[in-house]
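These notes concern the structure reproduced below.
The values are calculated or read from the model by the stated rules, or taken from the named source; none is laboratory data. Every value quoted in this text rests on a predicted model; they were computed, and no experiment measured them. Cβ placement follows ideal geometry from the backbone for every residue including glycine, while neighbour counts extend to all protein chains displayed.
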Amino acid sequence: MTNSESLDTRFGSVLVSQALAQEMAADSRVVVFGEDVADLGGVFGATRKLRQTFGADRVFDTPISETAFIGMAVGAAQSGLRPVVELMFVDFLGVCFDQIANQMAKNHYMSGGTVTVPLVLRTAVGSIGSAAQHSQVLAATFAHIPGLRVVFPSDHADLQGMTVAAVRSDDPVVILEHKKLLKARTNELMLSSASPAHASISPASLEGVRVHGQGEVVLVAAGWMVQLCAQAAEQLRLQGVGVRVVDLRSLNPLDRDGLAEAVRGSDLVVVVDDDYLRYGISGEVAISLAERLDDACPRVRRYGLDISQPASRVLEDDVLPTSAGIVTRVLSWSRERG
């Protein structure tokens, strides 16, 4: 799984910026706005240099009012623009939830299809030592809402390609960008690829699972957790355990049939998630497999969080999923089988 031949040292945030620049150059309707996306270039650098290239009319900072600028983005999308708006941290979702759940997601349906909302909402998720109010994922919250496409890229190729596809989509799309993926260089990832620096970036599918490897144990995840699963898979192989890693990629729609086929014939499925365990993606994966595989469904175990993120880095390391933790749990559950 290791892409040792790659010499690409670009950060994930740079790849997002390149994808946005490509689409802005191709389509004058694409505009980018949010808190600190223009002068600063985004808190993680994902919109850096866009204002210098495309000007203040198409890339601009907004006041600190998520309700206002996401509502403005909905109106702009319905009026013919293709806005890309950044919700700086997913934890701020509560401030603008009405605009997302009742406007962005519903207006196409409530207009009988006469109104489209080609809006991309990018937001940073996951923990990098920022405590309980800046470390959440909330993926299941978005995926729960009808009318939204919700994608969760796990590598730099999807981070780029899904950004391009989302900008071109006539549907409202939420892109969950894990902070660790934005901060990682391409050659640091277990599973990694991206378009060359000056090459055209092709759109990636906004649907469908991806499977890496073969084995009787299956690790299912989305976002950064897929990278941890890839690390765990390598460690487990050294101990004689064959592992498949299933990357969900899209949470809404969730490719339930593709997921079922990806785990068919396995002995154990472990769903790894750094979102909250209760009422979350891992439960949705488990019930989807049970409904489709019936008596052939393998044992499903879940590994995730059920508490708010602590401020202490030491405590954070104890509660977040890790590759070593995945290995330990897989071996423990495998021993249960005898």
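Looking only at segment 240-250, decide whether some residue is within 27 Å of V84 (Cα to Cα), touching a residue at least 24 places away in the same chain (Cβ under 8 Å), surrounded by fewer than 24 Cβ atoms within 10 Å (Cβ to Cβ) and more than 17 Å from the chain's Cα centre (by Cα). No - not one qualifying residue is present in segment 240-250. Cβ-Cβ distances below 7 Å connect the following pairs, each with a first residue in segment 187-207 that is surrounded by 19 or more Cβ atoms within 10 Å (Cβ to Cβ), a second residue that is among the hydroxyl-bearing types (S, T, Y), and a separation of six or more residues or different chains: M190/T2; L191/S154; S192/S6; S192/T186; A194/T186; I201/S195; L206/S169; L206/S250. Of the set (1) in contact (Cβ under 8 Å) with a residue 12 or more places away in the chain; (2) more than 22 Å from the chain's Cα centre (by Cα); (3) exposed (fewer than 14 other Cβ atoms within 10 Å of the Cβ), all apply to D98 but (2).
On inspection, D170 fails the criterion of being among the charged types (D, E, K, R), farther than 26 Å from G80 by Cβ, touching a Ser or Thr at 6+ places or on another chain (Cβ under 6 Å) and outside the structural domain of Y276 (by TED's automatic domain parsing).
Selection over segment 35-46 of residues that are in contact with a helix residue (DSSP H, G or I) (Cβ under 6 Å, 6 or more places away or on another chain) and crowded, with 18+ Cβ neighbours inside 10 Å gives a count of 3.
Segment 47-142 holds helices (runs of 4 or more DSSP H) entirely within its bounds, and those carrying 2 or more residues that are among the polar types (S, T, N, Q), more than 25 Å from S282 (Cα to Cα) and at pLDDT 95 or above map to 50-54, 66-78. Contact annotation: residue pairs with Cβ atoms under 6 Å, 6 or more positions apart or on different chains, pairing a residue in segment 67-81 that is free of Cβ contacts under 8 Å to residues at least 60 places away in the same chain with a partner that is basic (K, R), are L81/R29.
Scanning segment 143-158 for residues that are in a helix (DSSP H, G or I) and surrounded by 23 or more Cβ atoms within 10 Å (Cβ to Cβ) yields a count of 3. Does segment 283-290 contain any residue that is of a type outside the set (D, E, K, R), in contact (Cβ under 8 Å) with a residue 40 or more places away in the chain and within 28 Å of V125 (Cα to Cα)? Within segment 283-290, one or more residues are of a type outside the set (D, E, K, R), in contact (Cβ under 8 Å) with a residue 40 or more places away in the chain and within 28 Å of V125 (Cα to Cα). Filtered by the rule that a residue be part of a helix (DSSP H, G or I) and surrounded by 12 or more Cβ atoms within 10 Å (Cβ to Cβ), segment 314-330 gives L315, E316, D317, V319, S323, A324, G325, I326, V327, T328, R329, V330. Filtering D247, D267, D257 for residues that are acidic (D, E), at pLDDT 95 or above and farther than 27 Å from S127 by Cβ leaves a single hit, D257. The condition (being of a type in the set (A, V, I, L, M), modelled with pLDDT of 95 or more, within 21 Å of the chain's Cα centre (by Cα) and not in a loop (DSSP other than H, G, I, E, B)) is satisfied by just one residue among A21, A25: A21. Out of E23, E86, E66, report the one residue that is acidic (D, E), touching a helix residue (DSSP H, G or I) at 6+ places or on another chain (Cβ under 6 Å), in the same structural domain as D155 (by TED's automatic domain parsing) and under 23 Å from D158 (Cβ atoms). Being acidic (D, E), touching a helix residue (DSSP H, G or I) at 6+ places or on another chain (Cβ under 6 Å), in the same structural domain as D155 (by TED's automatic domain parsing) and under 23 Å from D158 (Cβ atoms) holds for just one of E23, E86, E66, which is E23. The residue that is farthest from the chain's Cα centre (by Cα), counting only those in segment 198-227 that are over 14 Å from I326 (Cβ atoms) and aliphatic (A, V, I, L, M), is A199.
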